[in-house]
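K.L.:
I'd like to ask some things about the structure below.
The values are calculated or read from the model by the stated rules, or taken from the named source; none is laboratory data. This one's a predicted model, so the numbers in the text were calculated from it and none came from an experiment. Positions of Cβ are generated from backbone atoms using ideal geometry, with glycine treated the same way; all protein chains shown enter the neighbour counts.
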Amino acid sequence: MASERPRPEADRLPLAGLSHLPKAMEQGQATMIKRMARSLNERLLAPADLKVVRRSALVIPAERRIANRNILFFHPPKCGGTSVSKALSRCFGQDRLECAGKTFHLDAIASRRAAEAIGTPLPAYREMLLSYALGMDGIQYISGHFPFSNRLLQGHDAQWDFITVLRHPFERLLSTYYYNRHKPNREHFPIEQPLEEWLQTDNARQSATLFLRLFNGELARRAEPSREGHPSPATEQAVQEAIANLRRFTLVGETADMAGFIGRINEEFEINLQPRHERRSPAPDYQRFEEQPLAIQRQIAELCAPDLAIYEAFFENRHRAC
């Protein structure tokens, strides 16, 4: 066999160069992996996660920050408070990440599911969640469909500003009906009956006496006055207790004058709050109270009598007598 001819010196790598080859390959692979990761982030994450991060890191203007005040916003359903609540939640920090760490918002649907899962009445479960939020370090803003609890909030007046917004009970009841009747999500308190039939149900009576049950301060007997009807000694006592509790609030606003309510918030907390309307009704063209048949008006007025007494302690009645 012929012997292999030696390779010219020019075709052979110097031994010194071989020692650097693995390191060069590693650096090339690392560079390629970084480029692939950057490309993947830009294509897949930028439209979603990075957008959220960028938005959350936006600086909050100084004129919209609330310092050295704690706010507890009791938000009765269907009173138009969602926009104000969301705007207020962005007032406690220099950026949105800091605000998120200082605020606690009740998830209405999740709290109902959790209460049902453990067999606890929803008001009692939400009272426990409010107690939990009040016990958290660093929390400056709490909002949601919480009931006012005397045993829980006794002595908190000095540390917390209580605020809420009320809607005329006739309007609020009709808004509740048409929203739950036509909303696409049929899981959370749906209504399937015509208005005339629904007004005969316990659900309607509960909805009509929301202020009575939400603000009387005694969860153990929240359902009693609504069962007894109006007038009755128990109902009248609960009405007066709700009014007395609401008089402890820093601000009680009215849905019909939301601009005035926002102006009072700005003056009280020395900010420039500019909320945007967040929620639309699935049936915006429903018949308002004055457009309903007279028999329906009278039935609504009877059901809402306790809540109307609470409402009129702060705002004038704008509806004619039925």
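K.L.:
With respect to the numbered conditions (1) in contact (Cβ under 8 Å) with a residue 60 or more places away in the chain; (2) within 23 Å of Ile66 (Cβ to Cβ); (3) surrounded by 14 or more Cβ atoms within 10 Å (Cβ to Cβ); (4) of a type outside the set (Val, Ile, Thr), which one is the sole condition not fulfilled by Tyr311?
P.N.:
Looking at each condition in turn, Tyr311 falls short on (2).
K.L.:
Any residue in region 284-292 that is surrounded by fewer than 13 Cβ atoms within 10 Å (Cβ to Cβ) and either modelled with pLDDT of 95 or more or of a type in the set (A, V, I, L, M, F, W, C) (or both)?
P.N.:
No: region 284-292 contains no residue that is surrounded by fewer than 13 Cβ atoms within 10 Å (Cβ to Cβ) and either modelled with pLDDT of 95 or more or of a type in the set (A, V, I, L, M, F, W, C) (or both).
K.L.:
Can you work out which of the residues in region 57-96 that are basic (Lys, Arg) and in a loop (DSSP other than H, G, I, E, B) is surrounded by the most Cβ atoms within 10 Å (Cβ to Cβ)? Show your work before the answer.
P.N.:
To start, the set of residues in region 57-96 that are basic (Lys, Arg) comprises 64-65, 69, 78, 86, 90, 96.
Filter again for in a loop (DSSP other than H, G, I, E, B), leaving 65, 69, 78, 90.
Details: Arg65: 18, Arg69: 17, Lys78: 22, Arg90: 20.
Ranking the candidates gives Lys78 first.
K.L.:
Residue check, Tyr132 against (1) in a strand (DSSP E or B); (2) more than 13 Å from the chain's Cα centre (by Cα), all met but one. Which one?
P.N.:
Result: Tyr132 passes all but (1).
K.L.:
I would also like to ask the following. Can you confirm whether Ser207 is modelled with pLDDT under 85, surrounded by 14 or more Cβ atoms within 10 Å (Cβ to Cβ) and in a helix (DSSP H, G or I)? Walk me through it before giving the result.
P.N.:
Working: modelled with pLDDT under 85: no; surrounded by 14 or more Cβ atoms within 10 Å (Cβ to Cβ): yes; in a helix (DSSP H, G or I): yes.
When the stated conditions are applied, Ser207 does not pass them.
K.L.:
Is it the case that Phe148 is surrounded by 22 or more Cβ atoms within 10 Å (Cβ to Cβ), part of a loop (DSSP other than H, G, I, E, B) and at pLDDT 95 or above?
P.N.:
Values: surrounded by 22 or more Cβ atoms within 10 Å (Cβ to Cβ): yes; part of a loop (DSSP other than H, G, I, E, B): yes; at pLDDT 95 or above: yes.
It is true that Phe148 is surrounded by 22 or more Cβ atoms within 10 Å (Cβ to Cβ), part of a loop (DSSP other than H, G, I, E, B) and at pLDDT 95 or above.
K.L.:
For region 210-233, enumerate the residues that are over 17 Å from Pro123 (Cβ atoms), of a type in the set (Gly, Ala, Ser) and modelled with pLDDT of 70 or more.
P.N.:
Within region 210-233, the subset over 17 Å from Pro123 (Cβ atoms) is 228-233.
Narrowing the set further to residues that are of a type in the set (Gly, Ala, Ser) leaves 229, 232.
The one that is over 17 Å from Pro123 (Cβ atoms), of a type in the set (Gly, Ala, Ser) and modelled with pLDDT of 70 or more: Ser232.
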